[in-house]
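The values are calculated or read from the model by the stated rules, or taken from the named source; none is laboratory data. The shown structure was predicted, so the numbers you read here are calculated from the model rather than taken from an experiment. Please note: Cβ atoms are built from the backbone with ideal geometry, for glycine as well, and neighbour counts cover all protein chains shown. With ligands, DNA and RNA removed, areas are computed over all heavy atoms of the protein, side chains included. Shrake-Rupley method; radii C 1.70, N 1.55, O 1.52, S 1.80 Å.
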Amino acid sequence: MKLLGILLAQNSKYSFCAPVILYRILCQRSGLRLHSTFNQKRSIRDCCRVLNVPEDCSAEEVKHSYRNLAKKYHPDSGSITADANKFIQIDEAYRDLLAHLSEETRKGESLDDDDSATDFKIPQHRHYLSYEGVGYGTPSQRQKQYIQFRVDRASEHVLDFRKQKLERQSAENTMIAKDVKQSKKVKITQAVERLVEDLIQESMAKGDFDNLSGKGKPLQKFSYCPHVDPMTHNLNRILIDNGYQPEWIVLQKEIRESIEKLRSEALASRKKLGDPMTNATSEQWDKICEHLKEDISQLNKKINDFNLVVPLLNRQMVHFKADKVISQVEQAYLSLKENERKTSREKKADAQLDDKQFNLKQTLMSLIKQFKMS
């Protein structure tokens with residue numbers, strides 16, 4: 001058994017060869033003989049034929065073919081075509097062919113280059129399945145690189161754990177801060193409600209509400225609005241009746257009153273100038289129009305403020321145009337003059353009619369008097 005362990009330790013680099021050596025030892029102890037189809041001295045041509053490679057093949061091609069054949073004929077592969085004798089032949093041919101290729105390489109290179117080349121050509125493919133495929137070079141170098149890789153990976157895991165821990169703590173602190181803020185808000189609201197209730201009770205105890213009109217009577221029902229909740233509608237009416245109006249309603253009222261005032265003032269000024277207009281009256285009218293344009297520009301600024309606070313888009317207002325307002329004033333003046341002329345004509349017609357009626361009466365009275373005298 002000691003001999004078996006030594007052989008396995010020496011051939012640890014060649015994992016495919018260990019089962020073969022064990023098989024040979026067991027066969028020798030049991031008295032069996034292994035028969036090979038090869039002679040002691042094999043030619044390179046025979047080795048290439050066994051490994052299914054050309055005679056001018058490279059070491060990489062030999063290794064690749066050996067791996068494929070080992071998967072097919074190795075006793076431990078579990079394949080249907082597994083054959084120990086066939087694998088022994090393949091292994092011997094593989095070793096002889098590698099030795100032949102290494103000798104040819106050694107002829108053209110120095111001893112140092114030969115040593116460095118053999119270090120990187122001899123390892124089997126299983127050599128690179130260790131250390132999780134990390135590193136390159138000799139096994140000792142790859143072991144050092146793997147140890148450093150594990151240290152780096154462990155440090156990264158520690159940093160990730162600390163990061164996740166800090167994130168959890170931050171989230172917990174944020175939730176605690178939100179809860180504290182919400183609880184403070186609730187406490188303040190409750191305190192204000194209690195204070196208002198205490199003030200109301202105190203005022204009722206003093207009798208401040210005894211002199212109110214309509215005490216003990218239900219509130220009057222206001223006009224029903226189908227688009228608004230009845231309670232909201234009633235509250236809005238109470239606020240409006242007591243002078244509490246939204247800003248946009250107040251601005252809208254001011255804008256309408258201002259434009260009506262400007263139009264009436266301009267119409268009154270136009271009436272004073274009269275018709276026909278002379279050069280002096282035309283200059284006065286131009287000055288009045290200039291002042292009207294300035295007032296309308298100020299009014300348009302107020303419209304901008306109104307459009308910013310109005311809650312509904314369909315309630316927004318457009319700017320007034322000074323030229324359009326002036327033309328409206330002139331048309332109103334012309335229609336007023338036309339109405340005055342019409343009224344004067346009607347008065348004249350009425351006066352003429354009255355005169356005719358009076359003359360008719362006078363004529364009838366004179367006829368009656370003459371008839372009586374006769």
Original post:
Once the whole set of protein chains is in place, how much accessible area is left on residue 94, using a 1.4 Å probe, in Å² to the nearest 10?
Top reply: 10 Å²
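With a 1.4 Å probe and all protein chains kept in place, how do 62, 186 rank by accessible area, largest first?
Numbers: 62 0, 186 60 Å².
Ranked list, largest accessible area first: 186, 62.
Dividing the convex hull volume of the Cα atoms of the range 170-322 by its residue count, what figure in Å³ per residue is obtained?
269 Å³
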Original post:
How much length, in nm to one decimal, is gained on full extension between residue 236 and residue 45, taken as 0.36 nm per residue of separation minus their Cα-Cα distance?
Top reply: 57.8 nm
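Roll a 1.4 angstrom probe over the protein heavy atoms and tell me the percent of accessible area of the range 153-192 that is carbon or sulfur. Let's see the in-between values first.
Values: 2240 of 3760 Å².
Carbon plus sulfur share of accessible area: 60 percent.
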Subject >> Rough spin-label spacing in nm, given labels placed 7 Å along Cα→Cβ, for residue 316 and residue 105 >> reply: 8.3 nm
Original post:
Top to bottom by accessible area (1.4 Å), largest first, where do 87, 320, 358, 371 land?
Top reply: 371, 358, 320, 87
Original post:
Which value, in Å² rounded to 10, gives the accessible area of residue 258 with a 1.4 Å probe and all protein chains present?
Top reply: 40 Å²
Subject >> Residue-level accessible surface for residue 200, protein heavy atoms, 1.4 Å, Å² >> reply: 70 Å²
**OP:** Enumerate the whole-percent occupancy of each 10 Å bin, from 0 to the last occupied one, for all C-alpha pair distances of the range 239-374.
**Re:** 10, 24, 19, 15, 11, 8, 6, 4, 2, 0
Original post:
Tell me, in nm to one decimal, what length is gained between residue 197 and residue 308 on full extension, where the rule is 0.36 nm per residue of separation less the Cα-Cα distance?
Top reply: 36.3 nm
**OP:** Once you have the Cα-Cα distance between residue 134 and residue 80, take 0.36 nm times their residue separation minus that, and quote the gain in nm to one decimal.
**Re:** 16.1 nm
Subject >> Residue-by-residue Karplus 3J(HN,Hα) for the range 312-324, coefficients 6.51, -1.76, 1.60, Hz, glycine and proline x >> reply: 10, 5, 6, 8, 5, 10, 9, 5, 7, 9, 4, 4, 5
Original post:
Per residue Cα convex hull volume for the range 329-374, in cubic angstrom?
Top reply: 24 Å³
